[in-house]
Every structure is written in C-alpha cells, then in structure tokens.
There are 2 protein chains.
Amino acid sequence: MTAEAGRTFVNEGDSADNFFNITSGTARLFKSLPDGRRQITGFAGRGHFLGLAVSNSYAFSAEAIEPVQYCRFSRIKLRQMLDDFPALEKRLLEVASNELVAAQEQMLLLGRKTARERVASFLLSRKLETAACISTTPHVHLPMTRSDIADYLGLTIETVSRTLTSLKADKLIGIPHPAEIVVLNQTGLAAQAGGYN
Amino acid sequence: MTAEAGRTFVNEGDSADNFFNITSGTARLFKSLPDGRRQITGFAGRGHFLGLAVSNSYAFSAEAIEPVQYCRFSRIKLRQMLDDFPALEKRLLEVASNELVAAQEQMLLLGRKTARERVASFLLSRKLETAACISTTPHVHLPMTRSDIADYLGLTIETVSRTLTSLKADKLIGIPHPAEIVVLNQTGLAAQAGGYN
DNA sequence: AGACGCATTTGACGCAAATCAAAGCCGCAG
DNA sequence: CTGCGGCTTTGATTTGCGTCAAATGCGTCT
C-alpha cells in the first residue's frame, strides 16, 4: 500500500487491527497530548516494523513524511505467520530489543541533554542511518521539517534552528539547504553530543 | 542470587553475558553520561526481565534500591531455553512490546510535559503498579529516593520536592512520610497529569 | 538520650530555552 | 515574472526550572 506525504496511516487510540512493514519512504511516529503537544518517538524508514501491540489499540500515530510504501497484515494473519515461521518471531524479538535500546538512549537525550547536545546527537544518529544505505558521505539528508525535529528532540523549532546556526558558526557543520547538512568535523560534533556514542 | 540495597549488578558497557529475571525487590535501570548526569529509564520489580540485548554489551546499568533477588541465566543457557520452550520467546516478545509502549509514554513525558505533569503522571503510574499487587488503596509507596525520582522524570530533586509540596498544598495528595504518598483526589491528580492516561 | 550523617525541604537567584514577534527565503501557481 | 503561502531564520523578552545555599527532619550508632 501507499501513503502520500502528510497522510496519517496509523492513529493513536484506534483499534490495533493491523501490523505494518515499511518498504520505502519515511514516516514519523508520535504520541500527542489533548492540548496538541506532540512527541515524535521515532522516524520509521525502510524495513521498519510497526504496530506490534499487545494492547488492542495503537499507542502512537504514524504519518508519512515522504511518500511511504508499506505492507499491511491483519493481526490474525500475523499470528498465522508467526506460527508458520518461528524465525520471524526471533527476528521480531531482535528488532524490539534494538528499539528498546534506542528508546532508552532517547530518554537519556530528552531527560538529561542540553539543546546543543540533542541536536548534535540527532545529526550523528541520522548520519549513521544514512551511511548504512549510501557509503560514507559527510552529507546528511533530513526529510523531516524543523517542527518534526523539534518534536523529536523535545525542543521548539526556534531552538533547533538557532542551534543548527550555532553549530554552523562553529564550523562543525555546513547547511547548503535546510534539508541538507554536511558534517564538517565529525569528531568535534561528537564532542558536542555529550556522550560515548 | 541476591543483591543488597545499593548494589550494582548490571553495568552499562560491560559484556552482556547474562540475562536476569527479578523475583523480589526493586532495582533502578539507568544510563549515564561521562560527566555523571544520569537518566533512570525505569524501575524493575518482581517478574521483570533484564538484559535482552542483541549487542554484546549492556546498554544500561542496574542497581538494587531495595534488596533484590533475581535469577541469572547465561546467554547460552537463554538461547537453549528459547529453543526448548518456544512459548518463552512469545512471552518475551510480549514483554518487550509492553516495555516499548511504556518507553514511548516516558518519551512523551520527558519531551513535552511540565514538572507538575511529570510528577502527577509518576504518582498515578506508581499507584497502578502498587494496586496490581495490593488491592485498591490510595496509598503509594515510593521505595526510591527523591534523587531517583528526579533522574527518572528528567528533573532535579528540588523541583520534585517542591512539586510534591505544591500538590499537597492543593489537597491532591498527602505525604505522611517522604516514602509514602496518599492520593486524596485521583481525578484531580489525573487532570494535572496532562493526558488521557 | 545525644549527636552524627544523610535525605528532604525551603528559599533566593540565575539562566537556558520557551514564547512572542517579525523578517527572510523559496517553491509554485497564475 | 510576480505574488502568495509555507517553512525557516533571527531578534527581543519572559519564565520554568536549575543552581546554589541553608535549614529541617529522621534513622542509627554509641
């Protein structure tokens, strides 16, 4: 199936009938508060699994940032597949463990890092993600808006923008285009990210 | 095995050779930054599984808050058990999914909630946890220190203390003892927690 | 009982990031 | 080409929470 940019294809609170696997594009996963405050819990790209809920309603929403292609399975179908292919279960457990580790890292970022550390950490993790597909380029592509980045890092768009400008002023990054970042000094940027990672 | 209060039995970065299952007591799970800043990612009580890492080093540390009793399995032993009892794998996937949902909720708290909302949310989630064991009492027991609560909520001990005092002043809770909270007005407290939950 | 040590509370002040506001920048439709 | 509407950047000001500091409470050891 396909979702054009901006389309919400999973809605927090809805009955969790389906399970998804993204085959191309990028989606934002988020939770919202009644007054509209939003926390993006992650960006889901190619290969990402979605909707592994034990509860019977989704705990998050998912929206396409870029056009997204995905496979959709009913929960019943998923259960069948899990029975037929035990290896799939092993794989899902592996994926879930990794996401859990990423979630804990993000909690550290949200709870204890400064704005500068958050943005630097974000750029580095994005760079890793990009480098996994393409080879080792210093270029990082950001398909999401500043608003998405802010809601992912627990900041405001203004703070994200100012921090990027500041990193640029310190010659750690270049910003040829708002959606394109060049890492000029990886070591220096890592030093600003406040951690071992 | 047993760990007395304060004992660290899992160390972030160490080789992830073992897998744990807590049988009694409470432990804090946390990640640290080089300069000592700490983010507690969760509190592990009876039945909690620990150390489900794909990577070969632990992504977090674990310390006993109260004396903790736990079972320890080598990773090899765990793999054997997973092969022998496929139901265990199903169970672990279930547990991991639930933790993932909890982690996302915590990201929302850390990224977007105010100090008051964080503390209120924390008390309510603790109350649920306690109510699961004992019946429905308005009493919430906090085995952890203010410092632990602060590091869990992304705040300082002073802010946690002030916020509790403020909630008490508003007659939403009572504090007979620093480690004992009485929820006087559950609905009112939920309204301060800033969410559906 | 007395006193030491540690956790917690309370108070005064400062600052990083939020908020409020306005000016670019850029892609796109006409 | 030109004007509109969006995202982004930059600037001025405010504020919630952090920091620094001191007092209070309480369990424990002698």
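The values are calculated or read from the model by the stated rules, or taken from the named source; none is laboratory data. Computed from a predicted structure; not experimentally measured. For neighbour counting, all protein chains shown are included, and Cβ atoms are generated from backbone atoms with ideal geometry for every residue, glycine included. To get the accessible areas, we keep the full protein, side chains included, count just its heavy atoms, and leave off ligands, DNA and RNA. Shrake-Rupley method; radii C 1.70, N 1.55, O 1.52, S 1.80 Å.
Remarks
- Each copy carries a label point for B:Asn185 at 7 Å from Cα toward Cβ; from one copy, the others' points are 5.4 nm away, ordered from shortest.
- Projecting the Cα atoms of B:Ile149, B:Thr114, B:Ala62 onto the dipole axis of chain B, where Lys and Arg carry +1 and Asp and Glu carry -1 at the beta carbon, places B:Thr114 farthest toward the positive end.
- Dipole magnitude of chain A, debye to nearest 20 (Cβ charges: Lys/Arg +1, Asp/Glu -1, about Cα centre): 380 debye
- With all protein chains modelled, accessible area of A:Tyr58 [1.4 Å, Å²]: 20 Å²
- Among A:Gly174, A:Gly45, A:Gly36: highest mean-square fluctuation, GNM of chain A, C-alpha pairs under 10 Å: A:Gly36
- Structure remark: mean-square fluctuation, Gaussian network model of chain B, C-alpha springs under 10 Å; the largest value among B:Leu88, B:Leu110, B:Leu172 belongs to B:Leu88.
- Relative to the longest principal axis of the Cα atoms of chain A, the long axis of helix A:86-112 makes an angle of roughly 40 degrees.
- Computed over chain B: relative contact order in percent, which uses C-alpha pairs under 8 Å that are six or more apart: 20 percent
- Leading residue at positive end of dipole, region A:1-158 (Cβ point charges), from A:His48, A:Phe19, A:Val101: A:Val101
- Distances, shortest first, from the label point of A:Asp170 to those at the same position in the other copies read 3.7 nm; the point lies 7 Å along Cα to C-beta.
- Using alpha-carbon coordinates, inclination of helix A:75-84 to the longest axis of chain A, degrees: 80 degrees
- Label point 7 Å beyond Cα along the C-beta direction, distances from A:Glu158 to other copies (nm, shortest first): 2.5
- Counting only Cβ charges, +1 for Lys and Arg and -1 for Asp and Glu, the dipole size of region B:2-109 around its Cα centre is about 60 debye.
- Paramagnetic label reach from B:Arg72 (point 7 Å along Cα→Cβ; backbone nitrogen cut-off under 12 Å): within region B:10-46, residues B:10-11, B:17-21.
- Think of it as helices only: each DSSP H run of n ≥ 4 in the protein assembly as shown is worth -39500 (n - 2.57), and spread over all residues that comes to -14000 deg cm²/dmol at 222 nm.
- Measuring between alpha carbons in the structure, the pairs from B:Lys113/B:Lys168; A:Lys127/A:Lys168; A:Lys31/A:Lys168; A:Lys127/B:Lys90; A:Lys168/B:Lys113; B:Lys127/B:Lys171 lying more than 27 angstrom apart are A:Lys31/A:Lys168; A:Lys127/B:Lys90; A:Lys168/B:Lys113.
- Cut-off 17 Å (backbone N to label point 7 Å along Cα→Cβ of A:His139), residues of region A:161-184: A:173-184
- Nearest 10 degrees, 0 to 90: helix B:115-133 Cα axis against chain B principal axis: 60 degrees
- Taken as Cα centroids, region B:3-49 and region A:2-77 sit 31 Å apart, rounded to the nearest whole angstrom.
- Surface burial for B against A, with a 1.4 Å probe and both sides summed, reaches about 4100 Å² of accessible area.
- Added length on full extension, which subtracts the Cα-Cα distance from 0.36 nm per residue, A:Asp35 to A:Ala179: 49.0 nm
- Rounded to the nearest 20 debye, the dipole magnitude of the protein assembly as shown is 560 debye, with +1 charges on Lys and Arg beta carbons, -1 on Asp and Glu beta carbons, and the Cα centre as origin.
- For A:Leu108, the shell of other residues with beta-carbons less than 9 Å away shows a net charge of +4, using +1 for Lys and Arg and -1 for Asp and Glu.
- Among the residues of B:53-66, the average count of other protein chain beta-carbon atoms within 10 Å of the residue beta-carbon is 2.
- Highest mobility in the GNM of chain B, judged by mean-square fluctuation with C-alpha springs under 10 Å and restricted to B:Asp148, B:Asp17, B:Asp84, is found for B:Asp84.
- Dipole of chain A, positive end: most advanced residue of A:Val140, A:Gly188, A:Leu33 [Cβ charges, Cα centre]: A:Gly188
- Taking 0.36 nm per residue of separation and subtracting the Cα-Cα distance, full extension of the segment from A:Asn11 to A:Asn98 would add 29.0 nm.
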